[in-house]
Amino acid sequence: MRTWTRPEIPDLPGEGITPKLFNTATGRLEYPAIQDGKASLYVCGITPYDATHLGHAFTYVTFDIMQRAWLDAGIEAVYAQNITDVDDPLLERANATGVDWRELADDQIGLYRSDMFRLGMIPPAHYVAVTEQIDEIADAVAALIERGFAYTVPTADSIAGDDIYFDIQGAQAHSQWRLGDVAPYDRDTMAKFSAERGGDPDRYAKRDALDPLLWRAARAGEPSWETAVGAGRPGWHIECSVIATGALGGTFTVQGGGEDLVFPHHEFTAAHATSLTDTPLAHLYSHAGLVAYRGHKMSKSRGNLVFVSKLLDAGADPGSIRLGLLAHHYRSEWEWEDADLERADRRLQAWRDGLVRACAEPLSSAAVVQQLRTAIANDLDTPVMLATLDAALDRGVDDPGLLANAVLALLGVAL
Ligand code: ZN
């Protein structure tokens, strides 16, 4: 898929510090394995029916900052992202609004692309829609059947055979993967999240209530493809598993996404890959906290969404939106308030004023850049970076050009 234009990222003098990152799977800060100065990052993309709210933007800005930290440390990152352009919520929305699902997806992907460009996000090198990889995904399902890690479940309303599920117990018994490799939850929590987040723990005739869908046999009125495993469409986790490993190879550096993807999505994305290859999907699993608005997590079902495009169209400075998000550490859960944008505007203006203010005893810009580098390398601590810049630009700096370049390179904010 077409992406968007890469933002300008100035080179800073000297070299940044390789960032230490929190690994959801181990609960520790770690240096993910980076070989020959190369990292690889997969971030789960949108289901294109309601793009792009600030919860999405918080996730994508997190992994944008991660790549900026790597770039500054001389690490070249290959970035891949998917688009879940065939999925139940998309089809439900298309049916409810009477719009063809492909048209709805195209419109929303266009809007997302425009939002990402306007926010100055680094585009993925591999931007892959599920509908572009149906055969590859079906082949992976066939390989899981072959290895004995998948089974069929009787399906009354199908027009093309039975649905296919992943066999957790079988894969645990005969592969390197274990339930809980990624998600640090007990089984009750997994069951709760499975029910809330696209799973079907109550479905009749599954071997394990948590077994996830690999392939949905064709139903009348639903999109489907003729493939090696019959007519139908893929389940959610196998899509990302195949797209991620297809773009980045096995055991890439970081698998990223929002906190609500830890289970079941990232657990089973890893399960499918590991049970097929006996190697881990990624070295490190990184998750951005969820953003609330008016008392609840921003969600499509609740309708409490703040859209990036609406803020921008109303005249918001993209730098203010980024600063409004980056004022919160990426792992925190927080609530967007309407006043956040005004606060970020004031901060941006204060920084711009500070850059041109005459000062008798200015701080060394080079020293401030080092402080920024230390903070970003410490699990992307953007609140500390913002506080460092507040203090420095309140006082005044000796090389405004260098500091402006650092803010653009590390935070993606143009002063
Ligand atoms: Zn995904």
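The values are calculated or read from the model by the stated rules, or taken from the named source; none is laboratory data. Nothing here was measured: the structure is a model prediction, and the numbers come from that model. Please note: Cβ atoms are built from the backbone with ideal geometry, for glycine as well, and neighbour counts cover all protein chains shown.
Remark: pairs (first residue in region 229-242, more than 18 Å from Gln255 (Cβ to Cβ); second residue in a helix (DSSP H, G or I) and away from the ligand (no atom under 11 Å from the Cβ); Cβ separation under 6 Å; 6+ apart in sequence or on different chains) = Val229/Ala138; Val229/Val141; Val229/Ala142; Pro234/Ile137.
Here is the figure for region 304-347: residues that are touching a strand residue (DSSP E or B) at 6+ places or on another chain (Cβ under 6 Å) and polar (S, T, N, Q) total 1.
Contact map, region 156-173: first residue assigned to a strand (DSSP E or B), second residue among the aromatic types (Phe, Trp, Tyr), Cβ cut-off under 9 Å, separation 6 or more or different chains; pairs are Asp163/Trp215; Ile164/Tyr151; Ile164/Trp215; Tyr165/Tyr151; Tyr165/Trp215; Phe166/Phe149; Phe166/Tyr151; Phe166/Phe268.
When restricted to residues that are crowded, with 22+ Cβ neighbours inside 10 Å and either farther than 22 Å from Asp260 by Cβ or more than 16 Å from the ligand (Cβ to nearest atom) (or both), region 27-48 contains 2.
Pairs linking a residue in region 393-415 that is farther than 15 Å from Arg68 by Cβ to a residue that is part of a loop (DSSP other than H, G, I, E, B) and among the polar types (S, T, N, Q), with Cβ atoms under 7 Å and 6 or more positions apart or on different chains, are Asp398/Ser364. Only residues that are more than 23 Å from Leu372 (Cβ to Cβ) and part of a helix (DSSP H, G or I) were counted across region 342-360, and they come to 1.
Report whether or not Ala392 is part of a helix (DSSP H, G or I), buried (at least 17 other Cβ atoms within 10 Å of the Cβ), at pLDDT 95 or above and within 31 Å of the chain's Cα centre (by Cα). Spelling it out, it is not the case that Ala392 is part of a helix (DSSP H, G or I), buried (at least 17 other Cβ atoms within 10 Å of the Cβ), at pLDDT 95 or above and within 31 Å of the chain's Cα centre (by Cα).
The listed residues are Ala140, Ala195, Ala191, and the only one of them that is under 27 Å from Leu90 (Cα atoms) and in contact with a His (Cβ under 9 Å, 6 or more places away or on another chain) turns out to be Ala140.
Arg331 falls short on exactly one of the conditions (1) more than 30 Å from Leu90 (Cα to Cα); (2) assigned to a loop (DSSP other than H, G, I, E, B), and that condition is (1). For region 66-123, filtering for residues that are within 16 Å of the ligand (Cβ to nearest atom), in contact with a Gly (Cβ under 9 Å, 6 or more places away or on another chain) and over 23 Å from His287 (Cα atoms) leaves 1. If the condition is being without any contact (Cβ under 8 Å) to a residue 60 or more places away in the chain and either within 21 Å of Thr3 (Cβ to Cβ) or not assigned by TED's automatic domain parsing to the domain that holds Leu111 (or both), then region 57-74 contributes Gln67, Trp70. Applying the set (1) within 15 Å of the ligand (Cβ to nearest atom); (2) surrounded by fewer than 24 Cβ atoms within 10 Å (Cβ to Cβ) to Thr279 leaves exactly one unmet item: (1).
Among the residues making up region 369-389, those that are more than 16 Å from Ala350 (Cα to Cα), surrounded by 17 or more Cβ atoms within 10 Å (Cβ to Cβ) and under 26 Å from the mean Cα position of the chain (by Cα) are Leu372, Arg373, Ala375, Ile376, Ala377, Asp379, Leu380, Asp381, Thr382. Being without any contact (Cβ under 8 Å) to a residue 24 or more places away in the chain and closer than 18 Å to Ala73 by Cα is the filter here, so list the residues in region 1-53 that pass it. Correct list: Tyr31, Gln35, Asp36. Inspect region 307-323 for any residue being assigned by TED's automatic domain parsing to the domain that holds Ala69, more than 23 Å from Asp379 (Cβ to Cβ) and more than 18 Å from the chain's Cα centre (by Cα) and give the result as yes or no. Within region 307-323, none of the residues are assigned by TED's automatic domain parsing to the domain that holds Ala69, more than 23 Å from Asp379 (Cβ to Cβ) and more than 18 Å from the chain's Cα centre (by Cα). When region 264-317 is limited to residues that are basic (Lys, Arg) and not in a helix (DSSP H, G or I), the one that is farthest from Tyr112 (Cα to Cα) turns out to be Arg294. From the list Gly55, Gly74, the one residue that fits, being within 25 Å of Leu411 (Cα to Cα) and over 18 Å from the mean Cα position of the chain (by Cα), is Gly74. Residues that are basic (Lys, Arg) and buried (at least 16 other Cβ atoms within 10 Å of the Cβ) within region 115-148 comprise just one, Arg118. What's the number of the condition Gln176 fails, among (1) exposed (fewer than 14 other Cβ atoms within 10 Å of the Cβ); (2) over 26 Å from the mean Cα position of the chain (by Cα)? Of everything listed in (1) exposed (fewer than 14 other Cβ atoms within 10 Å of the Cβ); (2) over 26 Å from the mean Cα position of the chain (by Cα), Gln176 misses just condition (2). Scanning region 251-269 for residues being closer than 20 Å to Tyr31 by Cβ, away from the ligand (no atom under 12 Å from the Cβ) and not hydroxyl-bearing (Ser, Thr, Tyr) gives a total of 2.
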